[in-house]
Amino acid sequence: MTRRPHPVPDGGRRRRQGAASPARHNVGASATGVVTPGTGAATTERDAAGLGARRVALDILVRVDRGGAFADVLLGHRLAAMPPRERRLVTRLVLGTLAWRGRLDYELTPLCTMPLEKLDPAVLGALRLGLFQMRHLSRIPAHAAVDTAVSLAGEAARRGAAGFVNAVLRRTARFASPMPERAADEAAYLAVACSHPRWMVELFIRRFGVERAEAMMSADNEAAPNTVRVNLARGTRGEIIARMKADGIEIASEGHLTETIILANAPDLNSESYRAGLFVPQSEASQLVARMLAPAVGADVVDCAAAPGGKATHLAELVGPRGRVVAFDFNLRGLIAARALARRLGHINIDFARADIGAPPLRTGGARFVLLDAPCTGTGTLREHPEIRWRLKESDLSRMAGVQRRMLESVAALVAPGGVLVYAVCSLAPEEGLEVARDFLGRHPEFSIERPPVPQLGPLLDSDGALVTSPERSGLAGFFAARMRRR
């Protein structure tokens, strides 16, 4: 999995959720005509499962919105015990509702009697969840979307919430709010049409032009491909695929690299092939970064921001058992996760250490291969982490670029003459990737960019040889990575 970016938290304190109270379906029924779900013998197993999946989705949405949690982490905790069909539904509901939050709130705002941020978190979550299904999931009837949203609001919020949610969603079922006039204010239009904050729309337009910015933001709202990296240290590609298929994991297509596979379904992480360490979920763009470094078999490698271990374990596979990876990070929890991942994959050639990147625990000028996958705003991973767009501020771009400059300056001192340094970020903003690299090269003439010796990467490199990916062009997460050699 791509390492989650490090945006500024939204500052909200985690809201303590009490036990769910019984649904109050009769509240205000005579006045509002509340739509109520079937009860007793009339309730089918499918209806119950559908409400259960939406209950999980609402809980995650509330925690993400008001508690500062990350959706991918919560989904990982909750989905393992669910059947495949419900896993897919919950994932779609959570990530889709988060991605389209701006558009949903645009429609909900004029229909609510108070500002949305003043609503009970569960009520607002139920409204967004219901409206998302009505606007974006054509296989779910509008009445079913309203029905379940009303039930959830009645369970989780104060008396009268069910009637309020029912009334608002019934109005949205009858008509959709008109879009802003594009000719009058293009940024306002795109902010609603593509569901991105206005400052981000304006930034993308300035950097990429209107046509590409719109395509990029539209791609941000699509589901990311479900990609894994097969562990070639545990068998050949064919052998591993055969064992995955035996576990019921369907393969959709190949990636750019031998180790990359795109799945047709959500893998069951309780599968035998997963437990045996035959694969690890990791975005394809993230996998390309280790290949940009292209360490020699048997080489020693330094991974300077290694948590939670996806790239460190990939590098361990590439250098083989005679090579060594030194992986350090200041994030203790992330290092613990990285160590567990290495153990599952069977890589014993990684040394983990907790250390501040400003004072690397290594000899200056002694490393032949160094990777810095720096923390960033994560604007290239908005498909995987849609909540990021609502937490970021424009000032975070320059703040994180400053962090990256300092980190790059520090780790560059580790690189031996003739050695290679790869600097990477999962961001679409040139302030964080290209401009940081150019600034570094301008101050360090002993380094120069070179193309990686990996033919599969050729179509994804810019004219200078840097890796540049984006969802609307390559179908990959937005990454920038520069391979720099020290003379």
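Would a scan of the range 101-112 turn up a residue that is surrounded by fewer than 24 Cβ atoms within 10 Å (Cβ to Cβ), more than 24 Å from the chain's Cα centre (by Cα), over 25 Å from MET217 (Cβ atoms) and not hydrophobic (A, V, I, L, M, F, W, C)? No, because not a single residue in the range 101-112 is surrounded by fewer than 24 Cβ atoms within 10 Å (Cβ to Cβ), more than 24 Å from the chain's Cα centre (by Cα), over 25 Å from MET217 (Cβ atoms) and not hydrophobic (A, V, I, L, M, F, W, C). Taken together, the criteria place GLY433 among residues that are modelled with pLDDT under 95, closer than 20 Å to VAL201 by Cβ and surrounded by 23 or more Cβ atoms within 10 Å (Cβ to Cβ). Screening ARG66 with (1) in a helix (DSSP H, G or I); (2) of a type outside the set (Gly, Ala, Ser); (3) surrounded by fewer than 24 Cβ atoms within 10 Å (Cβ to Cβ); (4) out of contact with any Gly (no Cβ under 6 Å at 6 or more places or on another chain) gives one miss only, at (4). Take the conditions (1) free of Cβ contacts under 8 Å to residues at least 60 places away in the same chain; (2) within 21 Å of ARG92 (Cβ to Cβ); (3) surrounded by 17 or more Cβ atoms within 10 Å (Cβ to Cβ); SER253 misses just one of them, which is (3). Can we say LEU476 is part of a helix (DSSP H, G or I) and touching a Ser or Thr at 6+ places or on another chain (Cβ under 9 Å)? Considered against the rule, which asks whether it is part of a helix (DSSP H, G or I) and touching a Ser or Thr at 6+ places or on another chain (Cβ under 9 Å), LEU476 comes out as no. Residues that are in a loop (DSSP other than H, G, I, E, B), modelled with pLDDT under 95, within 26 Å of ARG229 (Cβ to Cβ) and β-branched (Val, Ile, Thr) occur in the range 2-25; there is at least one. For the range 168-184, the count of residues that are buried (at least 18 other Cβ atoms within 10 Å of the Cβ), at pLDDT below 95 and either outside any helix (DSSP H, G or I) or on the phi > 0 side of the Ramachandran plot (or both) is zero. Return a yes/no flag: does the range 433-455 have any residue that is touching a Cys at 6+ places or on another chain (Cβ under 6 Å) and part of a strand (DSSP E or B). Checked the range 433-455: no residue is touching a Cys at 6+ places or on another chain (Cβ under 6 Å) and part of a strand (DSSP E or B). Among residues of the range 162-174 that are closer than 9 Å to LEU127 by Cβ and assigned by TED's automatic domain parsing to the domain that holds ASP105, those with a beta-carbon under 7 Å from a residue that is not in a helix (DSSP H, G or I) and not acidic (Asp, Glu) at least six positions away or on a different chain give the pairs VAL168/CYS112. Looking at the range 408-432 only, could you name the residues that are in a loop (DSSP other than H, G, I, E, B) and either more than 23 Å from ASP356 (Cα to Cα) or of a type outside the set (Asp, Glu) (or both)? Residues satisfying the conditions are ALA413, LEU414, CYS426, SER427, LEU428, ALA429, PRO430, GLU431. Is it the case that the range 142-149 has a residue that's of a type in the set (Gly, Ala, Ser) and either free of Cβ contacts under 8 Å to residues at least 12 places away in the same chain or closer than 20 Å to VAL62 by Cβ (or both)? Yes, the conditions are met somewhere in the range 142-149. Against the conditions (1) at pLDDT 95 or above; (2) more than 20 Å from GLU387 (Cβ to Cβ); (3) not in a loop (DSSP other than H, G, I, E, B); (4) not hydrophobic (A, V, I, L, M, F, W, C), GLU155 satisfies every one except (1). Taken over the range 189-215, the criterion of being small (Gly, Ala, Ser), within 20 Å of LEU434 (Cβ to Cβ) and either in a helix (DSSP H, G or I) or in contact (Cβ under 8 Å) with a residue 60 or more places away in the chain (or both) is satisfied by ALA213, ALA215.
The residue that is nearest to GLY323 (Cα to Cα), counting only those in the range 273-308 that are in contact with an Asp or Glu (Cβ under 6 Å, 6 or more places away or on another chain) and part of a loop (DSSP other than H, G, I, E, B), is ALA306.
Among the criteria (1) of a type in the set (A, V, I, L, M, F, W, C); (2) assigned to a helix (DSSP H, G or I); (3) within 28 Å of LEU397 (Cα to Cα), the one VAL165 does not fulfil is (3). Are any of the residues in the range 427-435 in contact with a Gly (Cβ under 8 Å, 6 or more places away or on another chain) and within 20 Å of ALA99 (Cα to Cα)? Yes, there is a match, as at least one residue in the range 427-435 is in contact with a Gly (Cβ under 8 Å, 6 or more places away or on another chain) and within 20 Å of ALA99 (Cα to Cα). Look at the range 78-89: where a residue is in the same structural domain as GLY50 (by TED's automatic domain parsing) and a partner is assigned to a helix (DSSP H, G or I) and of a type in the set (D, E, K, R), sitting 6+ places away or on another chain with Cβ atoms under 7 Å, you get LEU79/ARG87. In the range 333-355, the qualifying residues are those that are in contact with a strand residue (DSSP E or B) (Cβ under 9 Å, 6 or more places away or on another chain) and in a loop (DSSP other than H, G, I, E, B), and the one that is surrounded by the most Cβ atoms within 10 Å (Cβ to Cβ) is HIS347. Within the range 209-243, if we keep just the residues that are hydrophobic (A, V, I, L, M, F, W, C) and modelled with pLDDT under 95, the residue that is farthest from LEU345 (Cα to Cα) turns out to be ALA223. Say whether the condition of being buried (at least 18 other Cβ atoms within 10 Å of the Cβ), polar (S, T, N, Q) and closer than 24 Å to PRO295 by Cβ is met by at least one residue in the range 455-473. For the range 455-473, residues buried (at least 18 other Cβ atoms within 10 Å of the Cβ), polar (S, T, N, Q) and closer than 24 Å to PRO295 by Cβ: present.
The values are calculated or read from the model by the stated rules, or taken from the named source; none is laboratory data. Since this is a predicted model, take the numbers as computed values, not measurements. Cβ coordinates were reconstructed from backbone atoms using ideal geometry, including for glycine residues, and neighbour counts include every protein chain displayed.
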